[in-house]
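Undergrad: One structure follows; several queries about it will come next.
Just so it is clear, none of the values below were taken in a lab; they were calculated from the coordinates. Model, not experiment: these values are computed from the prediction. Virtual Cβ from ideal backbone geometry, glycine too; neighbours counted across all protein chains shown.
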Amino acid sequence: MNYDRFLKKTIQKYKEDSEYLRMLDIHVGPNVEDNISEKISSLGKTALFCTGRNAMKKLKFTEKYVDLFMKNDVNIVEYNGIRANPTLETIEEGIRIAKKGKVDFIFCLGGGSVIDSGKAVSVGLFGNVWDFIEKRAEIKRSLPVVAISTTSGTGSHVTPYAVINNSATCEKKTLRHKLLVPRLSLVDTNIIEFVPPYIIATTGIDVLCHAMEVYTLEDNDEASSAFALKAVELIGKHLHNSFYNMSREDKVGMAYADIFAGIALALKKTHVAHAISHPVTARFPEINHGHALAYVAPKTLEMQYERVDEEMKKRFHEINFALGIDSDLHASLKKLIHRLKLDKPVRKMSAEDLQTLYEDTVGYRWSSVERSPCPMSKEDIKTIIFESFPDS
Ligand code: NDP
Ligand code: MN
């Protein structure tokens with residue numbers, strides 16, 4: 001597979017103008033632990049070992065990496081049980097554990113939720129995380145983070161972002177800073193082989209939305225476009241097969257799609273579908289981030305396509321061509337979501353629930369809506385939200 005060549009070549013091509021690209025150190029493969037052994041002893045004596053609830057323990061990957069740390073004489077302090085859509089309370093618990101254990105660096109083994117939590121702790125040790133998010137305080141220090149991504153979705157192992165739920169205010173917001181870019185970004189291909197179909201589906205749609213939203217930004221540039229379009233091409237090739245055949249090759253293809261879309265996202269930002277999906281998972285954390293996107297992205301794209309100018313329409317066509325499913329992007333997306341079985345409800349949404357999502361989106365997520373490639377009114381957002389959720 002020549003995806004690694006594309007990754008290295010494209011980073012090389014654009015890195016002179018991008019401090020972010022120069023920071024990246026990405027490895028994908030069955031022996032990524034070699035990179036860890038090389039690096040960890042230089043990072044310190046004690047690591048905060050961040051994991052989720054069950055998957056990594058059950059599959060014995062926690063054990064594999066604990067052994068690796070032991071062999072390298074690095075102590076670990078466990079911060080486990082991290083749930084999907086992490087909350088400020090979860091981060092505060094991690095900060096307490098990290099302070100007590102006097103850790104020198106952070107090691108994350110998990111999906112976006114685990115990696116985001118580890119990243120938030122890495123800066124939260126030196127100040128209040130929500131103050132950083134609200135820009136009431138400036139991030140000046142962090143502990144280094146080593147991240148192994150066990151899902152192919154959020155790109156968190158390569159982005160300067162961590163997305164956090166504030167359960168007191170019911171808001172989901174993004175912490176961003178270059179110090180959040182992991183020192184080492186890894187995908188252990190032995191781990192992603194075990195990702196179950198539902199997670200393949202939801203994280204696959206997350207990758208697709210990162211790529212599509214960046215590619216349809218007014219101010220996308222050559223570097224972000226190159227990574228975003230390549231991600232879409234890989235999704236067209238590997239997502240459906242990954243879901244139905246569970247082949248290793250397709251899962252590795254999706255791991256690269258995730259990295260490419262993650263880099264595109266780090267170079268730019270998302271817009272409307274993500275703006276709506278964050279309030280969904282903030283209010284209803286039982287809904288997976290990618291599943292929330294699967295509900296709202298088709299209607300969003302359909303509405304945007306009708307309104308954008310000819311130049312932007314071309315970009316929609318390019319995405320659709322790279323995806324290679326149907327004749328227009330909206331139809332392709334709907335078909336893909338149906339094939340991935342994501343058009344079924346997770347919970348019943350009442351009119352009141354939808355009204356709340358609408359108010360959140362046009363409230364604290366409005367600046368993301370404003371990045372839409374065509375103007376969108378509050379009424380448009382209401383239409384998308386009220387027409388997007390399947391009946392239960
Ligand atoms: P999660 O990290 O939330 O994990 C979802 C589920 O997948 C968990 O139940 C986990 O189980 C399980 N799981 C993870 N890896 C495996 C595996 N290899 N095999 C079997 N099961 C596995 O999922 P995502 O990766 O989708 O992360 C979503 C979060 O990331 C959201 O909070 C979202 O907002 C955020 N996000 C962050 C971005 C960023 O740039 N930082 C960008 C986009 C989204 P268990 O708990 O047992 O480990
Ligand atoms: Mn996302």
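Undergrad: Would you tally the net charge around residue 241, using a Cβ to Cβ cut-off of less than 12 Å, leaving residue 241 out, and scoring K and R as +1, D and E as -1?
TA: Within the 12 Å Cβ shell, the charges total +2.
Undergrad: Can you tell me the order of 67-79, 311-323, 233-245 when each peptide is scored by its average per-residue count of other Cβ atoms within 10 angstrom, highest first?
TA: In decreasing order of mean packing, 67-79, 311-323, 233-245 become 233-245, 311-323, 67-79.
Undergrad: Taking the DSSP beta bridges in region 43-183 as the whole, what percent of them are antiparallel, to the nearest 5? Write down the numbers at each step before the final one.
TA: Numbers: 6 of 22 bridges.
Antiparallel: roughly 25 percent of the beta bridges in region 43-183.
Undergrad: Within the chain, which whole H helices from DSSP have a Cα span along their axis of at least 30 Å and a mean Kyte-Doolittle hydropathy of 0.0 or more, if any?
TA: Values: long enough: 222-245 (34 Å, 0.02).
Span-like helices, by this rule, are 222-245.
Undergrad: Next question, about the same structure. Can you give the relative contact order of the chain as a percent, counting alpha carbon pairs under 8 Å and 6+ residues apart?
TA: On the way: 743 pairs, mean separation 56.8, N = 392.
Once divided by the residue count of the chain, the mean separation gives 14 percent.
Undergrad: What is the antiparallel percent of DSSP beta bridges lying wholly in region 106-197, to the nearest 5?
TA: If I count the DSSP bridges inside region 106-197, around 45 percent turn out antiparallel.
Undergrad: Need the list of lysines near residue 268 for cross-linking: C-alpha distance under 20 angstrom, and skip anything on the same chain fewer than eight residues off.
TA: 8, 9, 13, 15, 119, 135, 172, 173, 178, 230, 313, 314
Undergrad: Another question, if that's okay. Run the numbers for residue 359 and residue 137: contour at 0.36 nm per residue of separation, minus the present Cα-Cα distance, in nm.
TA: Working: separation 222, 0.36 × 222 = 79.92 nm, distance 2.68 nm.
Extending this stretch completely gives an extra 77.2 nm.
Undergrad: Rank 40, 87, 7 by how far each Cα sits towards the positive end of the charge dipole of region 5-122 (+1 on Lys, Arg Cβ; -1 on Asp, Glu Cβ) and give me just the farthest.
TA: 7
Undergrad: Now for a different question. Ranking request for peptides 43-50, 260-267, 119-126: highest mean number of other beta-carbon atoms within 10 Å first, then the rest in descending order.
TA: Put in order of decreasing packing, that is 260-267, 119-126, 43-50.
Undergrad: What spacing in nm lies between the two simple spin-label points modelled at residue 383 and residue 245, each 7 Å away from Cα in the Cβ direction?
TA: Distance between label points: 4.1 nm.
Undergrad: Give me the percent of DSSP beta bridges within the chain that run antiparallel, rounded to the nearest 5. It would help to have the intermediate numbers written out before the result.
TA: Numbers: 6 of 29 bridges.
Antiparallel bridges: around 20 percent, rounded to the nearest 5.
Undergrad: Hey, what number do you get for the chain at 222 nm if only DSSP H runs of n ≥ 4 count, each worth -39500 (n - 2.57), divided across all residues, to the nearest 500?
TA: -17500 deg cm²/dmol, from helical runs alone.
Undergrad: Evaluate the distance, in nm, between pseudo-label points positioned 7 Å from the Cα of residue 93 and of residue 128 along their respective Cα→Cβ axes.
TA: Between residue 93 and residue 128, the label points sit 2.2 nm apart.
Undergrad: For residue 219 and residue 170, calculate 0.36 nm times their separation in residues minus their Cα-Cα distance, and state this gained length in nm to one decimal.
TA: Between residue 219 and residue 170, full extension yields an extra 14.6 nm.
Undergrad: Based on the mean of other beta carbon atoms within 10 Å per residue, what is the order of 380-390, 297-307, 101-111, 363-373, most packed first?
TA: Final packing ranking: 101-111, 297-307, 380-390, 363-373.
Undergrad: Then there's this: Modelled label-to-label distance, residue 313 and residue 391, 7 Å Cα→beta-carbon offset: nm?
TA: Spacing of the two 7 Å Cα→Cβ label points: 3.4 nm.
Undergrad: Let me ask another. For residue 286 and residue 22 in the same chain, what is the full-extension length gain: residue separation times 0.36 nm, less their Cα-Cα distance, in nm?
TA: 91.4 nm
Undergrad: Give me the net charge of residue 332's neighbourhood, meaning all other residues with Cβ under 11 Å from the Cβ of residue 332; Lys, Arg count +1, Asp, Glu -1.
TA: Local net charge: +1.
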